[in-house]
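The values are calculated or read from the model by the stated rules, or taken from the named source; none is laboratory data. This is a predicted model, so every value here is computed, not measured. All Cβ positions, glycine included, derive from the backbone under ideal geometry; neighbour counts span all protein chains shown. Protein only, heavy atoms only, side chains kept; ligands, DNA and RNA dropped before computing areas. Shrake-Rupley method; radii C 1.70, N 1.55, O 1.52, S 1.80 Å.
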Amino acid sequence: MVDTSLAAPRSVVRRLGGTGWALGLILPLGLGILWEAAVAVGLNSGRLLPPPSAVAGTLWSLWQGGVLADHALATLGRVGAGFGLGVAAGTLAGALTGYSRLASRLLDPSLQALRAIPSIAWVPLFILWFGIFETSKIVLIAVGVFFPVYLGLMAAIRSVDRRIVEVGRIYRLSGPAMVGRILLPAVLPAYVTALRSGLGLGWMFVVAAEFMGASEGLGYLLIDGQQLGKPGQIVAAIIAFALLGKATDSLLGWISAPFLRWEDGFARHH
Amino acid sequence: MLALNDIGKTYPNGVQALEGIGLRVEAGEILAILGGSGCGKSTLLRLIAGLDRPAPGRVVLDGAEVSGPHEKIGVVFQEPRLFPWLTVAGNVGFGLGRRPAHERRALVEEALRRVGLVDKAGVWPRELSGGQAQRVAIARALVTRPEVLLLDEPFSALDALHPDRPSGPSAACVGTDRAATDADRGDP
Ligand SMILES: Nc1ncnc2c1ncn2[C@@H]1O[C@H](COP(=O)(O)OP(=O)(O)OP(=O)(O)O)[C@@H](O)[C@H]1O
Ligand SMILES: [Mg+2]
């Protein structure tokens, strides 16, 4: 009983969806080719913005010497440590304030006040407290990761459907069973979203942290490229940031996907 | 035996949902509570289920006051209230707690057979129709073999079980052997 008048536009949408990623490539590829051509025919020297071929060459030579991998790993390690720390603290605080009204009254006002401070403003203090090496960087990243995780988890726990919790009460679940069998699965989608925005902030803050002074890391490559006048290296580092950020975000999505198969959201139907 | 004497319930917002309700249900008896929308049927079932406390009055089951959810009392809410993260079988087996897995599986299958949904055991709640979801909720309440079964507005689901039967309170006895059943329905 397929109504063709309805089926037709839907198949168009589906066809567009299938090649949608290719459509998205037209603009960046086109601009890249234009720029490449402009530099090739001498319209521009390409000294401030090297053409894609030069950027690719820089990326390749950085990669071949193992330099890129070393710097990327240093940055990845900092993000990993800061993310782990921020997620642990944010999860603990979010779970406490979401679950207990008393904890919320006690902790939330202070945490909200701290949140109002632009996190980069902590940098001088962190350097005084933790020195200019790894600790202050990781703490800064952790602070950035903390708030989205904390807020996301607290809000998710508070908005768990009371009617579903009542089913748990009918079966006389103990406190831990209520948390494990009802609250945890109920908040998981929002928690994963919070983790992903935390991770995004982690990647943002690692740049700030590496600007504080680092001898390795992709942020160091940025600064080094600026000081030595190597825009190709800067663009190469930016591309590496983009790839790593996307890869780690996809990893989170991929790990959580099997636990969220039940979801019935807008995204599933579009 | 389930007994309510002169119970009332006033919600914190000042709505007096129930006043001076008394009733008595013997083992094997089925009681249907009929009334218009908003007259307090769900509220009454919540008090019997132990989800809310009446004031004044007491709910007494087999001589003991019901002061909270009780293992002998099973509930099917007005909405299915299935856990979206569990399959149909997972939902039905939710209340079976620490029983061994094979026993749990057998009980779940039997309960699903009684509501005619064995073939849906592995699907997610989002893939069910409204009536099917309500039947899963009925299976979830039946599987623990409660002595008192509270069914809030179950007739749409029960009609789906027995489309040939005229709907009415008699349909509420489906699937309960020794259970005293409180059923209610809103205005048609
Ligand atoms: N949580 C609540 N807080 C405040 N008032 C409530 C609450 N739940 C129900 N009420 C009120 O109590 C009265 C009885 O509600 P109840 O849900 O028991 O009605 P009902 O008989 O089940 O109606 P329906 O047939 O529409 O389900 C209504 O006036 C309703 O507005
Ligand atoms: Mg009702």
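Using only Cα atoms, tell me the angle between helix A:231-256 and the longest principal axis of chain A; keep it within 0 to 90° and round to the nearest 10.
Compared with the principal axis, the helix lies near 20 degrees.
With viscosity set to 1.002 mPa s at 20 °C, what whole-number translational diffusion coefficient in µm²/s follows for the range B:1-41 from Stokes-Einstein and a Kirkwood radius over Cα pairs?
183
When ranked by the protection proxy of mean other Cβ atoms within 10 Å per residue, highest first, what sequence do the peptides B:88-95, A:183-190, B:51-58, A:24-31 form?
B:88-95, A:183-190, B:51-58, A:24-31
Give a residue-ordered list of calculated ³J(HN,Hα) values for the range A:65-77 (Karplus: 6.51 cos²θ - 1.76 cosθ + 1.60, θ = phi - 60°; whole Hz; x for Gly, Pro).
Along the range A:65-77, the couplings run x, x, 5, 4, 4, 4, 5, 5, 5, 4, 5, 4, x Hz.
Strictly greater than 14 Å: what percent of every Cα pair in the range A:67-151 meets that?
Everything past 14 Å amounts to 67 percent.
Provide the convex hull volume over Cα atoms per residue for the range B:1-70, in Å³.
Taking only Cα atoms, the range B:1-70 has a hull volume of 83 Å³ per residue.
Taking the Cβ of A:Leu221 as the center, what net charge do the other residues with Cβ under 15 Å away carry, scoring Lys and Arg +1 and Asp and Glu -1?
Charge balance in the 15 Å sphere: -2.
Treat each spin label as a single point 7 Å out from the Cα along the C-beta direction, and report the A:Leu243 to A:Ser197 distance in nm.
3.0
Charges at C-beta only: +1 for Lys and Arg, -1 for Asp and Glu. How large is the resulting dipole of the range B:71-160 about its Cα centre, in Debye rounded to 20?
340
Ranked from the most accessible area to the least, with a 1.4 Å probe and all protein chains present, what is the order of B:Asp119, B:Asp152?
The residues order as B:Asp119, B:Asp152, largest area first.
Peptide B:75-88: average number of partner chain Cβ atoms within 10 Å per residue?
That works out to 4 on average.
Relative contact order, percent, of chain A when contacts are C-alpha pairs under 8 Å separated by at least 6 residues?
Here the relative contact order equals 23 percent.
Per residue of the range A:149-156, in order, report the coupling 6.51 cos²θ - 1.76 cosθ + 1.60 (Karplus, θ = phi - 60°) as ³J(HN,Hα) in whole Hz, putting x for Gly and Pro.
5, 4, 5, x, 5, 4, 5, 5
With viscosity set to 1.002 mPa s at 20 °C, what whole-number translational diffusion coefficient in µm²/s follows for the protein assembly as shown from Stokes-Einstein and a Kirkwood radius over Cα pairs?
Stokes-Einstein gives a translational diffusion coefficient of 79 µm²/s.
Work out the mean other chain Cβ neighbour count within 10 Å for the residues of B:67-73 and drop it here as an integer.
2
Tell me the net charge near A:Lys230. Cut-off is 15 Å between Cβ atoms, A:Lys230 excluded, with +1 for each Lys or Arg and -1 for each Asp or Glu.
So the surrounding residues net to 0.
Within chain A, which is the longest segment that contains none of the trypsin sites (Lys or Arg not before Pro) sitting in a DSSP loop with at most 11 other Cβ atoms within 10 Å?
The longest uninterrupted stretch comes out as A:48-260.
Placing unit charges on C-beta atoms (Lys and Arg positive, Asp and Glu negative, everything else neutral), compute the dipole magnitude of the protein assembly as shown about its Cα centre in debye, rounded to 20.
Charge dipole of the protein assembly as shown: 300 debye, to the nearest 20.
Taking each residue in A:166-179, count the Cβ atoms of any other chain within 10 Å of its Cβ, then average. What number comes out?
5
Cα convex hull of the range B:71-160: how many Å³ per residue?
87
Quick check: net charge around B:Ala133, other residues with Cβ under 11 Å of its Cβ, Lys/Arg +1 and Asp/Glu -1?
Charge balance in the 11 Å sphere: +3.
Which value, in debye to the nearest 20, gives the size of the charge dipole of the range B:1-70 about its Cα centre, when Lys and Arg are +1 and Asp and Glu are -1 at the Cβ?
Value, rounded to 20: 220 debye.
Sequence-distant or interchain residues sharing an amide H contact under 5 Å with B:Leu82, placed H: which?
none
Compare the Cα positions of A:Leu199, A:Ala121, A:Ala155 along the charge dipole of the range A:112-200 (+1 at Cβ of Lys, Arg; -1 at Cβ of Asp, Glu; about the Cα centre) and return the one farthest towards the positive end.
A:Ala155
Normalise the Cα radius of gyration of the range A:51-268 by 2.2 N^0.38 Å (N = residues in it) and let me know the number.
My calculation over the Cα atoms of the range A:51-268 gives 1.21.
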